[in-house]
1. Residue by residue, what Karplus-based ³J(HN,Hα) values in Hz, rounded to whole numbers, does region 43-55 have, using 6.51, -1.76 and 1.60 with θ = phi - 60° and x for Gly and Pro?
2. Starting from the 7 Å offset along Cα-to-Cβ, what nm value, one decimal, do you get for the label separation of residue 155 and residue 35?
3. So which of 39/191; 71/160; 180/206; 55/206; 34/193; 172/206 end up more than 32 Å apart, counting from Cα to Cα?
4. Can you check how the C-alpha radius of gyration of region 169-211 compares to 2.2 N^0.38 Å, as a plain ratio?
5. First compute the accessible area of the chain with a 1.4 Å probe, then give the percent of it belonging to carbon and sulfur atoms.
6. So for the chain, Kirkwood radius off the Cα pairs, Stokes-Einstein at 25 °C and 0.890 mPa s: how many µm² s⁻¹?
7. Under a GNM of the chain (C-alpha, springs under 10 Å), which listed residue has the highest mean-square fluctuation: 14, 77, 125?
8. With every protein chain left in place, what is the accessible area per residue of region 164-211 in square angstrom, probe 1.4 Å?
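The values are calculated or read from the model by the stated rules, or taken from the named source; none is laboratory data. Bear in mind that the values here come from a model prediction, so they are computed numbers and not experimental data. Glycine also receives a Cβ, built like all others from the backbone with ideal geometry; neighbour counts cover every protein chain displayed. Note: areas computed on protein heavy atoms with side chains; ligands, DNA, RNA excluded. Shrake-Rupley method; radii C 1.70, N 1.55, O 1.52, S 1.80 Å.
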Amino acid sequence: DKLNAYRKAAHKAVDYQLSFQLPDGGYIWDGYVKNAFHKQGFSWTLAGHFVETEKLMSWAKDKIMPDGSLKDYLGDVYKITWLALSAQRIGRFDVSYPIMSYLLSLRSQCGGFPRYAREELDRAVSTAFVGMTALYFGNLDVAKQSAQWCLSLYDQQPVKDKFYYHMSRDGKIVTEKEHKTAEFIDYAKPKQKYYELGVPMWLMVKLYQAT
């Protein structure tokens, strides 16, 4: 049936990824980008490849900078959170905790998180994803604050045909009035960044389960 077909496709994709893992557990080689090993640990464990994931985490540990950020990731909060989540799920606290500590240092006074550490605005996808990951650390306060940030963003939407997904660090929605290049989802068009809505929904479901 279709469900089994999807499962086979998923395992096939993981097997393909694993064919590129290096003997030391690494996932960077000549010609491959240096900031794209953050999701593998999540998908590999779902497919039952825990040994390979452990090797990846041991290798990735050496990429953690003194402040908890990841080398070559340029402060990409969304991507870095994936590695924290993957490590936490398998008990690699030597990887997950330094990264999570770094991420929490970026939280704004209104509970939001930027997409990149250097940015002045908070963003839906990163705020929701850090909040959801906080649940795996047992940090309900951060998860709830992230959820409240997402709800506030939703409540502040000025129109019904768009979804603006940035807020200022004091919790005010950002539209073209504040920034000429304000980003949003246009509900009438395909190929939009719908994960800016999807990840907050994921957070809400997980938070509901936890509370």
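1. 6, 5, 5, 4, 8, x, 9, 6, 4, 5, 5, 4, 5
2. The answer from the label model is 3.4 nm.
3. 71/160; 180/206
4. 1.51
5. Carbon-and-sulfur percentage of accessible area, whole number: 55.
6. Estimated via Stokes-Einstein, D reaches 135 µm²/s.
7. 14
8. I get 67 Å² per residue for this part.
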